[in-house]
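Following: one structure in structure tokens, then a few remarks.
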Amino acid sequence: MHISKSILLLVMLTVCSKSIAEEKEYTIIIKPRAIECYYIDVKAGHELEIEYQVINGDHGELDVDFILYGLKNVILKYDKKQSDAIHRLTMTQGGEYKFCWDNTFSRFSRKTIFFTYYISNPNSGEDDDDPWNRQNIWINDEEIYEMTVSDIRNAVDRIKSYLTKARLTQDILSAHEAKDRNVAENNYSRINMFSCISVAVMLITGAVQVLLLRSLFDDKSKLHKIWGKSNPVNSPRY
């Protein structure tokens, strides 16, 4: 009884540690007039999901070009000046795929991009290397509380898939939050800068107006003498 439970626990840990999907997430910075490319290996029949978002950009620019290349550099997806997008594809051929972000159209603005890619195998349950399909482990139904190996396997696979997608969703929501925060901070800085400039211009303009008005009525003022020279009074002719 205890030996069978130990074997069952070992099998479950083995399956949990074996990745049924590959997922990665990165945050990158693309300089002006630059292109960043990444390469991934995808097997035939596997599904590829790529999601990206421009979370920060100098001068308020939050757009970038995205290109997904297939085998032999065939363009599979192309986004022109997008701030975010998501692409899902089922690869008919296995091999190395390339996806790039193009910021060559921007002269001064660098972009901060958060992206994730998720590779899953919809037919992972039919993998011959899956330890659940090995017939050399015999477990009595009564010892696993009337649950079959197939039920446990499906439950573990679903839990792992749901947890992975939930974590990706949380990361994407965090990226959205970072983007909104960066936009708000940039707008706040711009408003403060233009407000300070406006206040300074108003103060300088007011001071100049006061000096000019006082000089019109003050005979001893240097500005009054300047006004008098620029507007001489013609003396009467006899």
> Which whole-Hz ³J(HN,Hα) couplings does segment 103-108 yield from phi under the Karplus relation 6.51 cos²θ - 1.76 cosθ + 1.60, θ = phi - 60°, glycine and proline marked x?
Replying inline: 10, 6, 6, 9, 8, 10
> Considering only the other residues whose Cβ falls under 12 Å of the Cβ of Val183, what net charge follows from Lys and Arg at +1 and Asp and Glu at -1?
Replying inline: -1
> Which of the peptides 108-115, 197-204 is most tightly packed, and how do the rest follow, judged by the mean count of other Cβ atoms within 10 Å per residue?
Replying inline: 108-115, 197-204
> So, by mean Cβ neighbours within 10 angstrom, what's the order for 31-41, 174-184 with the highest one leading?
Replying inline: 174-184, 31-41
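Just the C-alpha atoms of segment 151-196: what Rg/Rh do they give, with Rh taken as the Kirkwood radius? Present the calculation step by step, with values, prior to reporting the outcome.
Working: Rg = 19.9 Å, Rh = 13.4 Å.
Rg divided by Rh gives 1.49.
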> Which links in Lys24/Lys81; Lys111/Lys160; Lys24/Lys80; Lys72/Lys160; Lys31/Lys160 stretch past 30 Å when you go from one Cα to the other?
Replying inline: Lys111/Lys160; Lys72/Lys160; Lys31/Lys160
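Coordinate-derived values only; no laboratory data. Treat the numbers as computed from the prediction; the structure is a model and nothing was measured. With ideal geometry, Cβ positions are generated from the backbone for all residues, glycine too; neighbour counts draw on all protein chains shown.
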